[in-house]
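Computed from the coordinates by the stated procedures, all read-outs in this text should not be read as laboratory data. All values derive from a computational prediction rather than experimental measurement. Using ideal geometry, Cβ is built from the backbone for each residue, glycine included, and neighbour counts are taken over all protein chains shown.
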Amino acid sequence: MVPQTWIIEGRALLLLALPLVVGNLAWSLIAATDLLLLGHLGPDAVAAGALAINLYNGFLVFGMGVGTAVSPMIARERGRKANSVRDVRRTVRQSTWAVATLCIPIWIVLWHSERILVGLGQDPDLSAGAGSLMHGLQWALLPFLIFFVLRNFLGALERPAWGVAIVIAAIPVNFLAGWCLIFGHLGSQHLGLFGAGLASSLSALFMLVSVVLILCFDHKFSRYHLFGRFWVADWSRFAYVWQLGLPIAITLALEVTVFNASAFLMGRLGRAELAAHAIAIQIAALCFMVPLGIGQAATIRVGLRFGQKDSAGVARAGWLALSLGATLAAATAAILIAMPRALMAIFLDVTDPANDHVVALGMSFLTIAALFQLVDCTQAIGAGVLRGLHDTRIPMIFAAIGYWGIGILLGGYFAFWTPLRGVGVWLGLAAGLLVVAALMVSRWTMRARLQLVS
């Protein structure tokens, strides 16, 4: 018989993870919507969009990593004192300051996206299209990062529903804005790729305004007075946000940029490889939203037990999260193996002979994506449970070793020195994920044992 404490923890984990998973899927669907709309402009538009989105996401995820620090910090504070208000408010304020400081230098870099992409060896025409999209997209950075911090605040209070509802509501907002601005419907100008980026910026602004209104007027959250005396500095807490968040940011950036680098490798192989990779990676990203949500929930549950100094509870929360993730990873792998062509049909007309090569490549990439679902899930949740213990520096080193020391180097070798080409890039990614997953689980096993001993 399963002990009651495990049942209680499992229920709490599921109730928190489910809305976080739904919210992550909704956010990923916003990006998928952009590619879906660009698909009607043709494979070249998809390829140009992929270059822009990959470059943008590298910077976005770095900012999200810094903002992620708010979750384990608030969870630990709530574990120490369940009704903490002042410390929670200070953490949210300084986390918002931290992500805001990132935006200006990133905006300067992204404004020169076309030159950067050409310098990375990408097709000049595709780079020009990517630069046009980026000039509309880059302004989404500030509103989204602030929204992300506030959404993590809601999650750390174990009340994530409003954050999820806002992201879901943003899907039709983004689709309508993109439909109008890309194609010139409802009286708007035909802006093409630039319109796709601008639509995403408007969607991010919609999400920020929505969450601010809820936090101001819902009595469950208004008592925190998050925006009162917002200009008041708290330099020690600001420094700790960076101390905890910077390794998370680097870890996430290493993971995302290795996939970005894989897109640039595909761009050097050809337009068909890049378009197929863009679609396959978007589908894989949708699947990844499940373990990402579980990992986010695990960070909060482990952090609460860590703050309570409940060592058995820490171990219980972590192992339950890893077990749940492995189960769901098997299910997503089965879907990818069973219906790769149907999944590709969401983004491209698979009956058009002009798309045959792209579809065939995408299906082969999805088969490999199915094989690495388990390891991708394990490394994501492993990182999440370690963050709950405020353990972020060693996982950062693991990410550097696995993603760049093994994954991208092996993928590049397979792509250009063997006949595997695009398939080789994906095999290299799978190898890197396997190494990171093994290291994360080993680190968690050691930390969980130390918690029980101490």
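Between the listed residues A82, V423, L102, the Cα displaced farthest toward the positive end of the dipole of the chain, a dipole computed from Cβ unit charges relative to the Cα centre, is found at A82.
Determine the shape class of region 77-196: with a ≥ b ≥ c the square roots of the Cα gyration tensor eigenvalues, call it rounded for a/c under 1.5, and otherwise prolate if a/b is greater than b/c, oblate otherwise. Taking the square roots of the gyration eigenvalues as a ≥ b ≥ c, region 77-196 is oblate.
Each Cα pair under 8 Å and six or more residues apart adds its sequence gap; the mean of these over the residue count of region 4-453 is a relative contact order of 22 percent. When all alpha-carbon pairs of region 305-454 are counted, what percent fall beyond 19 Å? Value for region 305-454 (Cα pairs over 19 Å): 61 percent. Here the chain is treated with +1 on each Lys and Arg Cβ and -1 on each Asp and Glu Cβ, and its dipole about the Cα centre works out to around 2080 debye.
Once you have a ≥ b ≥ c as the square roots of the Cα gyration tensor eigenvalues for region 243-286, tell me rounded if a/c is under 1.5, and otherwise prolate or oblate according to whether a/b is larger than b/c. If you can, show how the numbers build up before the last one.
Numbers: a/c = 6.34, a/b = 2.20, b/c = 2.88.
Note, shape of region 243-286 comes out oblate.
As a ratio to 2.2 N^0.38 Å, the alpha-carbon radius of gyration for region 4-453 is 0.94.
Can you compute the helix-only [θ] at 222 nm over the chain? Use -39500 (n - 2.57) per DSSP H run of at least 4 residues, normalise by all residues, nearest 500 deg cm²/dmol.
About -28500 deg cm²/dmol.
If you average the alpha carbon positions of region 156-190 and of region 395-449, how far apart do those two centres end up, in angstrom? With region 156-190 and region 395-449 each reduced to a Cα centre, they are spaced 34 Å.
What per residue convex hull volume, in Å³, do the alpha-carbon atoms of region 111-269 yield? Display every interim value, and only then the final one.
Numbers: hull volume 25.3 nm³, N = 159.
With only Cα atoms used, region 111-269 gives 159 Å³ per residue.
Could you tell me the center-to-center distance, by alpha carbons, between region 5-74 and region 247-305 in angstrom? Each part reduced to its Cα centre gives a spacing of 9 Å.
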